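The values are calculated or read from the model by the stated rules, or taken from the named source; none is laboratory data. Being a predicted model, the structure only gives us computed values, none of them experimental. We place every Cβ from the backbone using ideal geometry, glycine too, and count neighbours over all the protein chains shown. Protein only, heavy atoms only, side chains kept; ligands, DNA and RNA dropped before computing areas. Shrake-Rupley method; radii C 1.70, N 1.55, O 1.52, S 1.80 Å.
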Amino acid sequence: MRYSPEALTAFVETVATGSFSAAARRLRKSQSTISTAIAHLEDDLGFALFDRSARQPVLTAQGKQVLGYVQSILAASARLDELAVSLSEETEARLTFVLSDTLHPDVLEEMLFRFDERFPHTEFECLIGEEEDVIDLLQKGRAHIGLTGARESYPTDIAAVRLPMQTHMAIYTSASHPLAAQNRIKADELHGWRELRLNTYLEREPVLAQGPVWSAPNYLMLLSMAVQGLGWCALPCALVAEFAPANALVQINVPGWPRSVAIDLVWNKRSPPGTAGNWLRHWLQHQADPV
């Protein structure tokens, strides 16, 4: 018996997210589509996968047994797709990379130079995106590969690998801002001043503000706002070193900061990168933190 890949994906996502509605949001589909797909899978199998009597669907004993098999099927399918692309040895005419401002500028410069050496005839497109926006661009097929701050889980159709490099983040404000004159400040005290916060086009969950907030969809724009003295902001240290005017920003001494953030390289399992994309992926996987 053959089972629909869409139904298998809907089943795994429902388990991962805890509800049909959450799975629908993650897969960019309607809740009815997810519910119908799982119902058809249950009909094909001949038993219920979820107990629907509670507020949220709960795996039945049979569902728990099936889950591991379904995850294995989806993982094998993704590996087969990657192998097929690899064996075809097709080099993309155009590669779109969702660039995060968390990537160290020195790594970006070296990456572009090496890519041009290796694939001079491949059109390279850079998009700027962070967090949910990166995932959305990959799922829509608008981008082939991207970078994002590491997260605990991803939609079933998104593959991820942790990079050896990290982003080093710190709290900054303009040298002319009143906060710049303080030797040390507690995190709670920051909320008495305007925060400049990253706010992607597609938020995961609304974050309750603890004080006045201005926002922007990328760190470079937030850096510009901070230089203007509009507030304080968490920024990648390397981005500040590269793009902030000399002595324009001051790093604030806040407990717990600076901090390191892991970076994930992500792509869509349903349309895995070709030769150029795989080269880029492997190159990034072997880059350590710049000194």
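Counting only heavy atoms of the protein chains and using a 1.4 Å probe, Cys237 has close to 30 Å² of accessible surface. Annotated for the chain: lysine pairs at least 8 residues apart or interchain, Cα distance under 25 Å, count 5.
For Glu123, the solvent-accessible surface computed with a 1.4 Å probe is close to 90 Å², ligands and nucleic acids excluded. For the stretch 84-178, the alpha-carbon radius of gyration amounts to 1.30 times the rule-of-thumb value 2.2 N^0.38 Å expected for a compact globular protein. Kirkwood radius, the stretch 143-236, all distinct C-alpha pairs, inverse of mean reciprocal distance: 15.3 Å.
The order of the peptides 70-77, 178-185 by mean Cβ neighbours within 10 Å, most packed first, is 70-77, 178-185. Taking every alpha-carbon pair within the stretch 145-196, the share separated by more than 13 Å comes to 72 percent. Loop-located chymotrypsin sites (Phe, Trp or Tyr not before Pro) across the stretch 40-71 with a Cβ neighbour count of 14 or fewer within 10 Å are Phe47, with loop assigned by DSSP.
According to the square roots a ≥ b ≥ c of the eigenvalues of the Cα gyration tensor, what is the shape class of the chain, taking rounded for a/c under 1.5, prolate for a/b larger than b/c otherwise, and oblate for the remainder? The shape class here is oblate.
Overall, the chain carries a charge dipole of about 740 debye about its Cα centre when +1 sits on the Cβ of Lys and Arg and -1 on the Cβ of Asp and Glu, all other atoms neutral. Label sites at Ala262 and Ala181, each approximated as a point 7 angstrom past Cα along Cα to Cβ, lie 4.3 nm apart.
Annotation: amide H of Ile263 within the under-5 Å range of Ala150, Leu163, Thr167, sequence separation 5 or more or interchain, hydrogens built in the peptide plane.
Taking amide H as placed 1.01 Å from N in the peptide plane, Ile145 has its amide H under 5 Å from the amide H of Thr96, Val98, each at least 5 places away in sequence or on another chain. What's the FRET efficiency of Glu117 with Asn253 using the Cβ-Cβ distance as r and R₀ = 35 Å, to the nearest 0.05? Once the sixth-power term is evaluated, E becomes 0.25. Residue-wise HN-Hα couplings along the stretch 48-65, as the Karplus relation 6.51 cos²θ - 1.76 cosθ + 1.60 with θ = phi - 60° gives them from phi, are 7, 8, 10, 8, 9, 6, 8, 4, 10, x, 10, 4, 7, 4, 5, x, 5, 5 Hz; Gly and Pro carry x. Think of the stretch 4-57 as having a plus end and a minus end, set by charges on the Cβ of Lys, Arg, Asp and Glu; of Phe50, Ser35, Ala23, Ala23 sits farthest toward the positive end of this dipole. Note on surface exposure: Met225, Met165 rank Met225, Met165 by accessible area, highest first, 1.4 Å probe.
Taking every alpha-carbon pair under 8 Å whose residues sit at least 6 apart, the stretch 218-291 reaches a relative contact order of 20 percent.
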